[in-house]
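Right, one structure below, let's go through it.
The values are calculated or read from the model by the stated rules, or taken from the named source; none is laboratory data. Just so it is clear, the structure is predicted and the values come from calculations on it, not from any experiment. For neighbour counting, all protein chains shown are included, and Cβ atoms are generated from backbone atoms with ideal geometry for every residue, glycine included.
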């Protein structure tokens, strides 16, 4: 798994559960610390370790191909399958909507998930950011 955010960790653990009993090795690569900006980082690191997941954080993946992946600096890892789950990006329609946004283009919402510019509109998930909360996209976080 390439990507140590919420989506990468969730998909990796779901695959690990679904393939229980199958001889497979699960490895997570993340340029940032796993779940950077989330409050559950330490707990999740423990859970990943308990599930036998090897974590390589602070290492940027620069290429993925048929036989594996390559990290910045040239180190290579063999892999039969690679899944990318990296970064959320604001869809282009948000900028055209006239709604207030954060610096990355996500809908700016309050802690009640109401648009800061149009309180009758609610937004959550990969299109919104709770302004004033820590983390990369708190409206997506549990």
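Selection of segment 21-43 for residues being within 24 Å of residue 64 (Cα to Cα) and part of a loop (DSSP other than H, G, I, E, B) yields 22, 23, 24, 25, 26, 31, 32, 33, 34, 35, 36.
Here's a check for you: in segment 44-59, which residue that is modelled with pLDDT of 90 or more and assigned to a loop (DSSP other than H, G, I, E, B) is nearest to residue 3 (Cα to Cα)? Selected residue: 58.
Within segment 1-27, restricting attention to residues that are farther than 18 Å from residue 78 by Cα and in contact with a strand residue (DSSP E or B) (Cβ under 9 Å, 6 or more places away or on another chain), which residue is surrounded by the most Cβ atoms within 10 Å (Cβ to Cβ)? Restricting to residues being farther than 18 Å from residue 78 by Cα and in contact with a strand residue (DSSP E or B) (Cβ under 9 Å, 6 or more places away or on another chain), the top hit is 4.
Quick check on my filter: what residues within segment 60-96 are under 30 Å from residue 108 (Cα atoms), touching a strand residue (DSSP E or B) at 6+ places or on another chain (Cβ under 8 Å) and not in a loop (DSSP other than H, G, I, E, B)? If the condition is that a residue be under 30 Å from residue 108 (Cα atoms), touching a strand residue (DSSP E or B) at 6+ places or on another chain (Cβ under 8 Å) and not in a loop (DSSP other than H, G, I, E, B), then 84, 94, 95 are the ones that fit.
Residues in segment 28-39 that are out of contact with any strand residue (DSSP E or B) (no Cβ under 6 Å at 6 or more places or on another chain) and closer than 17 Å to residue 85 by Cβ: 31, 32, 35, 36, 37, 38.
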